[in-house]
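To start, the structure itself, in structure tokens.
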Amino acid sequence: MTALPVCLVLIALGLLGVVALVMLLTGTAKGEFSVKGLVGMVMMLAFGAVGVLLGIPVWRARRAAVLVDRAGVWLDNGTARGIVPWDALAGVGVYWSELGRTKQYSVELCPSGPIDDRDPVLWVLVRDEDPIAPGLPRLRYRLAFPAGSRDKVTAAVRQYAPPHLWLGEVQRASGHLGRPDPSRRPGR
């Protein structure tokens, strides 16, 4: 939710651009026509568009939650809940990579068998990459989390995951998080 205020500021700038454009078109703006003023208006409109485009996914994810307990890792998207049970996994680890001056973290949940990659809740976590370790599948669940939550998330996973599943923390190439494959989206 920290991105929401940024989106709102960008949208406010866009609204100011709309007001300025209306004033220009209706002739209520006093003074001479200025190319710099027009460029500023267009930039404000662009900021507003960026704010809306970034704000839509942020707003949709406002009720999302991740829960870790003895049963497994739960993903709640605000309308439905899915679980990756511990007994369906062959391994659990934490990946991290550097992205500029920050670090990106994810929990990697490697299933012991086939997964439903079109699950309406969990499909957004599915990634198809080289296995983490020999004997593990290509398809896995990847749950990104903020760098500031590293200790809490790692402690929760280590507390509830069976010890034989723990694969440790592994550094990956920059930008390892990736994006979900839209072809796996249910209904497609």
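The values are calculated or read from the model by the stated rules, or taken from the named source; none is laboratory data. Model, not experiment: these values are computed from the prediction. Here the Cβ positions follow ideal geometry from the backbone for every residue, glycine too, while neighbour counts run over all protein chains shown. Calculation scope for accessible area: heavy atoms of the full protein, side chains included, ligands and nucleic acids excluded. Shrake-Rupley method; radii C 1.70, N 1.55, O 1.52, S 1.80 Å.
I'd like the full set of residues that are within 16 Å of TRP123 (Cα to Cα) and either in a strand (DSSP E or B) or modelled with pLDDT of 90 or more (or both), limited to region 72-87.
VAL73, TRP74, LEU75, ASP76, ARG81, GLY82, ILE83, VAL84, PRO85
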Handout entry: Those residues of region 63-75 which are open to solvent by less than 50 Å² (accessible area, probe 1.4 Å) and either in contact (Cβ under 8 Å) with a residue 40 or more places away in the chain or on the phi > 0 side of the Ramachandran plot (or both), in sequence order
Key = VAL68, GLY72, VAL73, LEU75
Problem - Residue, modelled with the highest pLDDT, within region 43-62, restricted to residues that are open to solvent by 70 Å² or more (accessible area, probe 1.4 Å) and farther than 14 Å from ALA12 by Cα - result: ILE56
Handout entry: Residues of region 114-136 that turn out to be free of Cβ contacts under 8 Å to residues at least 60 places away in the same chain, under 19 Å from LEU75 (Cβ atoms) and not in a helix (DSSP H, G or I), as a count
Key = 7
Problem - Answer from VAL124, VAL157 - the residue that is surrounded by 15 or more Cβ atoms within 10 Å (Cβ to Cβ), at pLDDT 90 or above and β-branched (Val, Ile, Thr) - result: VAL157
Practice task
Might you check whether a residue that is outside any helix (DSSP H, G or I) and more than 23 Å from the chain's Cα centre (by Cα) occurs anywhere in region 42-54?
Solution key: no
Exercise for the section: Return the only residue of SER112, SER97, SER149 being within 21 Å of VAL58 (Cβ to Cβ) and among the hydroxyl-bearing types (Ser, Thr, Tyr). Expected result: SER149
Exercise for the section: Would you please list the contacts, defined by Cβ atoms under 7 Å and residues six or more apart or on different chains, that run from a residue in region 161-188 that is modelled with pLDDT under 85 to a residue that is in a loop (DSSP other than H, G, I, E, B) and open to solvent by less than 60 Å² (accessible area, probe 1.4 Å)? Expected result: ARG184/ASP117
Problem - Single condition LYS36 does not satisfy, out of (1) charged (D, E, K, R); (2) at pLDDT 80 or above; (3) more than 30 Å from GLU108 (Cα to Cα) - result: (2)
Problem - ARG150 being under 18 Å from LEU177 (Cβ atoms) and either surrounded by 12 or more Cβ atoms within 10 Å (Cβ to Cβ) or touching a helix residue (DSSP H, G or I) at 6+ places or on another chain (Cβ under 6 Å) (or both) - result: yes
